[in-house]
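First the structure, in the form of structure tokens, and then the observations on it.
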Amino acid sequence: MLEKCKTAQERWGGVHQLVDHWLEQRQALLVSFRVLNDACDAEMETPTKQYIDDFSQLLMDYVSSGHFTVYPQLAKEAEAFDDKQALTLSERLLERLEMSTELVLAFDEDYDTPASCERNLNRLPAWIERLTKGLGERFALEDELIARLHDANTPAAE
């Protein structure tokens with residue numbers, strides 16, 4: 001029995017580390033978002049292309065990590081535990097996450113080149129507001145996904 005737990009811990013401990021790293025990426029994203037938001041709020045400061053690029057890169061990295069690494073790994077874990085209810089919930093949550101992914105891609109497209117950034121700079125405060133709402137919803141959905149797919153299936157230590 002201890003050997004089985006050890007194997008499970010080795011197997012799913014990697015998922016835990018993956019989720020931890022991803023949440024660290026989220027924290028870095030939030031710090032960058034705050035810097036960008038503060039620059040938008042400052043009366044004498046105009047957000048630079050560099051602020052926008054730094055934020056956008058972290059945003060794209062975070063969303064990509066979720067879609068291509070974390071979500072699939074969480075689904076594999078639920079499959080291994082034969083947690084059909086979690087997999088059904090996962091599908092529903094992933095569909096809802098798609099809306100915020102489209103929002104992120106649209107933001108990136110609006111600010112990807114110096115010319116488009118300059119052309120859209122006056123729209124940045126509205127983008128910040130939309131992203132605040134969209135990312136807040138995204139993080140809540142992702143937290144629910146983690147709780148259901150990973151935390152519920154993590155073997156208890158003995």
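Tabulated data
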quantity	calculated
Potential lengthening between MET99 and ASP54 on full extension [0.36 nm per residue; Cα-Cα distance subtracted]	14.0 nm
Sites ASP112 and ASP41 - FRET efficiency at Förster radius 30 Å, r taken between beta-carbons, to 0.05	0.80
Extension gain, GLU91 back to ALA28 (0.36 nm per residue minus Cα-Cα distance, nm)	20.0 nm
Extension gain (nm, one decimal) between ALA126 and ALA147, 0.36 nm per residue minus Cα-Cα	4.4 nm
Per-residue HN-Hα couplings for segment 127-139 [Karplus 6.51, -1.76, 1.60; θ = phi - 60°; Hz; x = Gly/Pro]	5, 4, 5, 5, 5, 4, 5, x, 6, x, 5, 4, 4
About the Cα centre, charge dipole magnitude for segment 2-153 (Lys/Arg +1, Asp/Glu -1 at Cβ), debye	320
Segment 123-137 and segment 63-107: distance between their alpha carbon centers, rounded to Å	22
Phi-based couplings in Hz for segment 109-115 (Karplus 6.51, -1.76, 1.60; Gly and Pro marked x)	5, 5, 10, 7, 10, x, 5
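Every number here is computed from the coordinates shown, using simple stated rules; none is lab data. Please read these numbers as outputs of a predicted model, since none were measured by experiment. FYI the Cβ positions are ideal-geometry reconstructions off the backbone, even for glycines, and counts take in every protein chain you see.
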